[in-house]
Structures are given as C-alpha cells and as structure tokens.
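S.K.: Handing you a structure now.
The values are calculated or read from the model by the stated rules, or taken from the named source; none is laboratory data. Please read all numbers here as calculations on a predicted model, not as lab measurements. Glycine gets a Cβ as well: all are built from the backbone with ideal geometry, and neighbour counts include every protein chain shown.
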Amino acid sequence: MARYTGPVCRLCRREGTKLFLKGPKCFTDKCPIEKRNFAPGQHGRDRKAKIVGYGLQLREKQKAKRIYFTLEGQFREYYEKASRRQGVTGELLLQQLECRLDNVAFRIGLATSRRQARQVVRHGHVEVNGRKVNIPSFQVKVGDEIAVREGSKKLVLLEVARDFASGQTAVNWLEIDRDNLKAKVLSLPKREDVNLPVNEQLIVELYSK
C-alpha cells in the first residue's frame, strides 16, 4: 500500500505547527519546530504571505491527513461517508479518523506515535475481540475490545510506549487498561475528545465546493 515514507518533521514545519508525528521528540527542544519554525526548502524563510481562503482550507486538510497518515483518496472517502450521515459533517469526519485501529492503538499506549502504531498493527501485534487484525484503517465500534496479542506483550517498544503514554491524558471514550495493554470502546469519540490543531469546518468547506 502506498504511504508517505519521507522525513515527518518536514510535515510539521510545512504546516507551521506541531502535528506530534515523532512521539517523545515532539515534547523536547530537539523538535525542529522549536529550532526552525518556517517552511522547509530553499525559499522556506521567504514564505511569509498570509494564507487565506482556499489556501487556508487546504492547509487544514493537509494537517488532518498528515496527523492520521492517510492518503488523499482514503481521506476523501472518509469525507464522503461523513457527508452522507446525519449530524455535523466535520465532527463525523474526525470521528471516523479517531476510530481507525492504528489511532486507537496509539491512544491506548501501544506506540509513541500514530506512525509507529500503524506499524504495530500492520505487523499483527493487535487483536480486536480476540481476533488478529492487521489493517490500520479498520474501524472500531462501541463495545469492541482491543488488546496486544499474547505473544507480543514482551516487545521492548511496547514497554517504551507504555511509559510514554502514562504521561499523556487518557480519552473518555476508551476504557484503558495500560498495565495489560488493552482497552474497550465505551462510546464513539466526540469533538472535545479530539485535542488536535485541526479546524474541521474548513475541511468541509474545501470539499463541498
């Protein structure tokens, strides 16, 4: 499957804000945003024009895509599904993104970043309701139980991730048992549960043109 494989810190610099793509590094002085908060490239320092209209909408969409590591076609499909459902389209879009299995694995504390969580899922370390699922975009539902497979519990990266997650704020829609590396979906996530620098209404305005 196609995916972005380049340096992720460039993505944060392009958006001018932390997207928290590198886990612990994002909370230290080594974060490139702390040192070089301007767009990457030869003319990055010169891009000082104020972004308005379409450009602003595009940047919000790019931020969301990069935070959740989705490609354009997949992201557009999430929007189409959200627009066909009853409710606030932007919130329903974020709800689908939050319910991705790789994001849930990150929220539980099975990885230090969503990118690493994607890898954990792809390598078959995660199970849903007792069955192995290795599809990062798998949508979890209310009542689903997500856990690390028994044979994977001693992985060093899971111990590091658990230590990192212990300092992060847990989300209300998941019942998390970090000691046993598992969680249960209590409800679908609400907008206040998505503590990310994304204005979903601008994304809706972009796609609804």
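A quick yes/no check of all residues on (1) in a loop (DSSP other than H, G, I, E, B); (2) in contact with a strand residue (DSSP E or B) (Cβ under 8 Å, 6 or more places away or on another chain); (3) basic (K, R); (4) surrounded by 15 or more Cβ atoms within 10 Å (Cβ to Cβ):
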position: P136; (1), (2), (3), (4): yes, yes, no, yes
position: G143; (1), (2), (3), (4): yes, yes, no, no
position: A147; (1), (2), (3), (4): no, yes, no, yes
position: L157; (1), (2), (3), (4): no, no, no, yes
position: V160; (1), (2), (3), (4): no, no, no, yes
position: D163; (1), (2), (3), (4): no, no, no, no
position: Q168; (1), (2), (3), (4): yes, no, no, no
position: I176; (1), (2), (3), (4): no, yes, no, yes
position: D179; (1), (2), (3), (4): yes, no, no, no
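S.K.: Also: Provide a single number: the residues in the range 181-209 that are basic (K, R) and outside any loop (DSSP other than H, G, I, E, B). Don't jump to the end; show me each part of the working.
M.R.: Step one: of the range 181-209, the residues basic (K, R) are 182, 184, 190-191, 209.
Okay, now just the ones that are also outside any loop (DSSP other than H, G, I, E, B), so 182, 184, 191.
Final tally of qualifying residues: 3.
S.K.: Having 1 or more residues that are surrounded by 14 or more Cβ atoms within 10 Å (Cβ to Cβ), in contact with a helix residue (DSSP H, G or I) (Cβ under 7 Å, 6 or more places away or on another chain) and at pLDDT below 85 is the bar; report the helices (runs of 4 or more DSSP H) wholly within the range 21-134 that clear it.
M.R.: On the way: elements: 32-35, 54-68, 72-84, 89-98, 101-108, 114-122.
Once the helices (runs of 4 or more DSSP H) in the range 21-134 are filtered for at least 1 residues that are surrounded by 14 or more Cβ atoms within 10 Å (Cβ to Cβ), in contact with a helix residue (DSSP H, G or I) (Cβ under 7 Å, 6 or more places away or on another chain) and at pLDDT below 85, what remains is 32-35.
S.K.: Taking the condition of being basic (K, R) and within 30 Å of A82 (Cα to Cα), how many residues in the range 148-194 meet it?
M.R.: Start the filter on the range 148-194 by keeping residues that are basic (K, R), which leaves 149, 153-154, 162, 178, 182, 184, 190-191.
From what's left, within 30 Å of A82 (Cα to Cα): 182, 184, 190-191.
Number satisfying all stated conditions: 4.
S.K.: Quick check on the range 145-157. Is at least one of its residues more than 18 Å from V128 (Cβ to Cβ) and within 19 Å of the chain's Cα centre (by Cα)?
M.R.: yes
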